[in-house]
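Please read the structure below before turning to the comments.
The values are calculated or read from the model by the stated rules, or taken from the named source; none is laboratory data. Source: prediction; values computed, not measured. Heads up, the Cβs are rebuilt from the backbone with ideal geometry, glycines too, and the neighbour counts pull from every protein chain shown.
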Amino acid sequence: MADSKGKTSQHSVLRNILVSPPIYLRFVSIVFAILVFGCVSDQVHDTGSCLYGRALNRNSGNIDCCNFATAVGVIGFLLSILFLLKEFLVAVLDFSQYTKFNRVVAIMETVSSSVWAFMWFVAFVFTAHQLRITDPVFLSGNPVAHCARAVVAFSFFSTLLWIGMAIYNAVTAVRITRSDPSSTGSIMHPSKAGYVPFVDASSDTEDKPPSGNTYVPPKQ
């Protein structure tokens, strides 16, 4: 009997993990972040030089562009790992009764996802602009140019992905707020809250009319 209950709980946990959209989104964001900072650090960013913005009269390129793309990718990777661990804990443990805690977590994820979506957008614009002004001599027939274009593409996809996560967390926070009666500020009707009205006994006896069974003494 205990084994069947344990298997049922394990199946429910596995089902919660498989049907959770944030888990898939976090996995994809981890892959995109690895591709971005991996391509930059391994191919695009060479020792003391960067392919972005490289010209014949500027052989070092724009190193700040490579450093910024790498930093955004690494921090985005760490944030995705952190949020993915949170999603696994939510799927394994039952936090449904902690509505205030869940609402605060959803709001924090909304803010952080929005901020990092903006950072990915800045990285996309920065790398795309620097790639556009790069001298074609360094791009034609250069295998590193494919990595530079991949960084631009996955920065754009990461921007859309983090915007989607921000929207999902915002909708989750609104749903939790609406499902929590204590956060709406509404007053429950007394009949629904087990409210028993107070009856003043003195006023009740004074206003109560005499019943038909009241004894009336005979006249003398």
Would you check if CYS50 is touching a helix residue (DSSP H, G or I) at 6+ places or on another chain (Cβ under 6 Å) and modelled with pLDDT of 85 or more? no
Given the condition at pLDDT below 85, crowded, with 18+ Cβ neighbours inside 10 Å and in contact with a helix residue (DSSP H, G or I) (Cβ under 9 Å, 6 or more places away or on another chain), answer yes or no: does some residue in the stretch 2-18 qualify? no
Can you tell me which of (1) at pLDDT 80 or above; (2) assigned to a helix (DSSP H, G or I) is the one GLU206 doesn't meet? (1)
Residue, nearest to ILE75 (Cα to Cα), within the stretch 23-38, restricted to residues that are of a type in the set (Gly, Ala, Ser) and crowded, with 23+ Cβ neighbours inside 10 Å: ALA33
